[in-house]
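I have placed the structure first, in the form of structure tokens, so that the comments after it can refer back to it.
Bear in mind these aren't lab numbers, they're just calculated from the coordinates by the rules spelled out. Because the structure is a prediction, the values reported are computed rather than measured. Here Cβ is always computed from backbone atoms with ideal geometry, including for glycine, and neighbour counts include all displayed protein chains.
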Amino acid sequence: MIDTAQPHAARDRPPAPLPLPHGGTGARRVPRACLRPGPTRSRRRLLIALAAAVLAVPVTAAARPEAVPAPVPPPLSPLRTATTASLAERYAATRDAVETAMRTAAATGHRWRAAMLRAMAGPARHFLSFDGRDGGRAVEVFGDLAAADRIAVIVPGSGTGLDTYGLLRGGAMRLQRAIGGRGAVVAWLGYRTPSTVSLQAMTPGRADEAVPALRAFVRDLARLRPAARVSLLCHSYGGVVCGRAASGLDVADIVLYGSPGAGVDDAAAMRTRAEVWATRGAGDWVAHLPHAAVRLPSGTIGLGADPLSPRFGARIFDAGDAGHSDYLKDGSPALAGIALIVSGRTPAGMRRG
């Protein structure tokens with residue numbers, strides 16, 4: 001099974017600058033020293049505005065990859081109970097939708113997408129929902145949701161879609177093994193993620209679009225499994241989605257890992273009763289991004305305060321030397337810590353930010 005669409009080393013480097021329009025080298029960059037968060041709010045705001053200005057021209061010249069054609073998925077009947085039988089019926093319905101999208105991708109010459117969808121249509125895969133359009137949406141269950149007393153919902157970050165879904169799936173599988181027992185993991189690719197190198201990845205716009213869907217999903221999960229402990233695990237830009245949605249989510253924990261921000265000034269601004277956790281590996285390039293938000297007439301640029309800063313107010317746990325895509329790797333401190341949090345326990349060495 002494909003676990004990632006990119007070589008390991010390529011995933012853990014910061015994105016290369018986009019080419020400049022009408023020629024040029026594309027080599028304009030903010031100096032590395034300037035990307036480190038400054039000691040004052042005014043400096044952070046200046047840095048985020050500078051980074052946005054550097055990216056703005058290249059991004060406008062870069063088109064997104066052509067969308068792979070996919071049919072409109074058939075409507076699904078409401079899932080009224082989370083019994084083994086009702087879930088099996090839902091999984092069968094979504095498998096049919098995946099197979100239809102696979103045939104469409106193959107017929108239009110998109111062999112990579114067709115291969116990914118063929119794997120997703122396997123009898124051991126369990127999807128609560130699926131939509132192959134516009135990069136794709138998918139909500140997959142790992143473990144027995146009908147019997148789960150602990151449920152972890154993973155919200156992925158920028159650049160995640162059906163063509164790169166293997167990385168999300170691999171992490172979900174490893175986490176489910178780590179929590180074991182009656183624990184289930186849901187990989188929630190329920191929104192249109194921004195491209196990794198894009199102006200959208202530096203603004204909360206796509207996160208705000210995702211908020212209603214994430215809140216609705218968590219509400220449904222609480223209705224179906226009212227006794228289960230639900231934790232929200234938010235990777236990279238997924239942290240912005242969780243931060244913006246937090247006030248409407250009834251969950252026990254919100255974990256921000258490898259996140260450049262949560263779209264808010266601090267944990268208190270999330271207005272949640274959940275325990276807010278944060279971690280970042282020493283090898284994660286996200287640490288070098290400016291952490292601030294500038295409100296302009298046309299919208300907000302920047303993703304908010306650093307979740308690991310003391311003023312943010314999260315509970316910090318260790319991620320070792322993890323790179324940006326390493327948090328849910330077997331044997332990693334972050335995986336061990338997240339598994340403990342999902343189980344209602346406190347990782348060793350926890351501290352307040």
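Sequence-ordered 3J(HN,Hα) estimates for segment 326-336 from the Karplus curve with 6.51, -1.76 and 1.60 and θ = phi - 60° stand at 9, 5, 9, 7, 4, x, 7, x, 5, 4, 4 Hz, glycine and proline given as x. Given their separation in residues at 0.36 nm each and the Cα-Cα distance between them, residue 247 and residue 112 gain 44.7 nm when the chain is fully extended. Residues whose amide H comes within less than 5 Å of that of residue 262, counting only those at least five positions distant or on another chain, are 305 (H built at 1.01 Å from N in the peptide plane). Note on segment 296-353: with charges restricted to the Cβ of Lys and Arg (+1) and Asp and Glu (-1), its dipole about the Cα centre is near 320 debye. In terms of overall dimensions, segment 154-260 has a Cα radius of gyration and Dmax of 13.4, 42 angstrom. In terms of its Cα atoms, segment 169-220 spans 41, 27, 11 Å along the principal axes, sorted from long to short.
Taking a sphere under 15 Å around the Cβ of residue 180 and counting the other residues whose Cβ falls inside, with K and R at +1 and D and E at -1, yields a net charge of +3. Per-residue Karplus couplings for segment 258-272, computed as 6.51 cos²θ - 1.76 cosθ + 1.60 with θ equal to phi - 60°, are listed in order as x, 9, x, x, 10, x, 9, 7, 6, 5, 4, 5, 6, 6, 10 Hz, Gly and Pro entered as x. The overall shape of segment 224-353, judged from the alpha-carbon gyration tensor, is oblate: a/c is not under 1.5, and a/b is no greater than b/c. The C-alpha atoms of segment 199-245 occupy a region whose extents along the principal axes are 40, 17, 10 Å, arranged from largest to smallest.
Sequentially through segment 309-320, phi angles give Karplus couplings (6.51, -1.76, 1.60; θ = phi - 60°) of 6, x, 6, 5, x, 7, 8, 9, 9, 7, 10, x Hz, Gly and Pro residues having no value and appearing as x.
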